[in-house]
Amino acid sequence: MEQLTELEIAVFQLRMGFAPADRCVDLAVERLRLDQEGDDLEVVLLASARGVDEVLPLAEVIIERYRGTQRLDQQFLAGKFIVELRAAYLARHESVSSLDAIFTRLYPALAYPDWLVMLSRNCEYATDVADFEQPFEDEFRYIASLWARAESLASFESEYSRQTSNGHDIR
């Protein structure tokens, strides 16, 4: 199931334009390498697919087959993406400016979830106002740590505190 979750996260990022199709292909190749594909022809085809137009339909069939109506929530997938972004930011592969571009697209695509308000706002402000860098980093750490532990949107929401997020502001 963990591999299916990884595939769903990769498909979410691909659909949003944040990741290359190769990530989905790599997951299928790994299943083949471990001889875990069984008789799943779509996994075999995905392992040799190239480009978004080939990868997305195959990945969608695989996810639908194994998840059915139990697909992961888009906010959950975005949250797991934020965990990846935090690691990339700490490794200096992402910057405040590059994250701002991502959050600017992600926030409306998710219909403006409450938990993304301060992160998106602080990131945007930090691109121009140095005083917002620390509040942004505090909120980024907070949100990413909650999503890293979350096993579902509901478990995230049970831990999330808007009051804590609101505290990540200029003092």
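Computed values, structure above
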| quantity | calculated |
| --- | --- |
| Filter pass, Tyr89 being in contact (Cβ under 8 Å) with a residue 40 or more places away in the chain, among the hydroxyl-bearing types (Ser, Thr, Tyr) and surrounded by 16 or more Cβ atoms within 10 Å (Cβ to Cβ) | yes |
| Filter pass, Leu58 being touching a helix residue (DSSP H, G or I) at 6+ places or on another chain (Cβ under 7 Å) and touching a residue at least 40 places away in the same chain (Cβ under 8 Å) | no |
| Qualifying positions in segment 95-119 - closer than 25 Å to Glu151 by Cβ, surrounded by 17 or more Cβ atoms within 10 Å (Cβ to Cβ) and within 15 Å of the chain's Cα centre (by Cα) | Leu99, Ile102, Phe103, Leu106, Tyr107, Leu110, Pro113, Trp115, Leu116, Leu119 |
| Failed item, numbered, when Glu42 is tested on (1) touching a Leu at 6+ places or on another chain (Cβ under 8 Å); (2) open to solvent by less than 40 Å² (accessible area, probe 1.4 Å); (3) without any contact (Cβ under 8 Å) to a residue 60 or more places away in the chain | (2) |
| Whichever residue in segment 120-171 is among the acidic types (Asp, Glu) and closer than 21 Å to Pro108 by Cβ and, among such residues, is surrounded by the most Cβ atoms within 10 Å (Cβ to Cβ) | Glu139 |
| Search result, residues across segment 153-171 that are out of contact with any helix residue (DSSP H, G or I) (no Cβ under 6 Å at 6 or more places or on another chain) and of a type in the set (Gly, Ala, Ser) | Ala154, Ser155, Ser158, Ser161, Gly167 |
| Residue check, Leu34 at pLDDT 90 or above and either closer than 25 Å to Glu151 by Cβ or in contact with a Lys or Arg (Cβ under 9 Å, 6 or more places away or on another chain) (or both) | no |
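The values are calculated or read from the model by the stated rules, or taken from the named source; none is laboratory data. The shown structure was predicted, so the numbers you read here are calculated from the model rather than taken from an experiment. Glycine gets a Cβ as well: all are built from the backbone with ideal geometry, and neighbour counts include every protein chain shown. Just the protein is used for accessible areas: all its heavy atoms, side chains included, with ligands, DNA and RNA removed. Shrake-Rupley method; radii C 1.70, N 1.55, O 1.52, S 1.80 Å.
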